[in-house]
Amino acid sequence: MNRPKDSIETQNSLLTTDQLLFIERENLCPLCNGEVKIRIRSYLENFTIAEEAECEKCNLVIRTKDHRMN
């Protein structure tokens with residue numbers, strides 16, 4: 001489903017400052033402030049999604065998480 005750009009901007013205007021800070025922290029490298037690249041792999045045999053966030057600028061792995069699908 002494609003959303004018009006103005007609806008995304010409207011959603012962003014409804015976010016609180018704390019929510020915006022959280023999003024920024026999750027998407028920026030704590031070491032160099034570079035943009036974090038997030039890779040996701042799906043393992044359907046055990047209903048798990050693996051997430052890995054890495055900064056390509058400084059080659060730092062920010063986080064790795066496994067998420068269980070319900």
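Throughout, read-outs are computed from the coordinates displayed, never taken from laboratory work. Every value quoted in this text rests on a predicted model; they were computed, and no experiment measured them. Virtual Cβ from ideal backbone geometry, glycine too; neighbours counted across all protein chains shown.
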Rounded Å value of the spacing that divides the Cα centres of region 38-66 and region 19-35
16 Å
At 0.36 nm per residue, and after removing the present C-alpha to C-alpha distance, how many nm does the segment from E56 to C32 gain when stretched out fully?
7.6 nm
Roughly how big is region 5-68's charge dipole about its Cα centre, with Cβ charges of +1 (Lys, Arg) and -1 (Asp, Glu), in debye to the nearest 20?
160 debye
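Taking region 5-68 on its own, what percent of its Cα-Cα pair distances exceed 18 Å?
I get 53 percent for the Cα pairs in region 5-68 exceeding 18 Å.
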Starting from the 7 Å offset along Cα-to-Cβ, what nm value, one decimal, do you get for the label separation of R68 and T17?
3.8 nm
So for each of 16-27, 44-55 I average, over its residues, the number of other beta carbons within 10 Å; can you give me the resulting order with the highest mean first?
44-55, 16-27
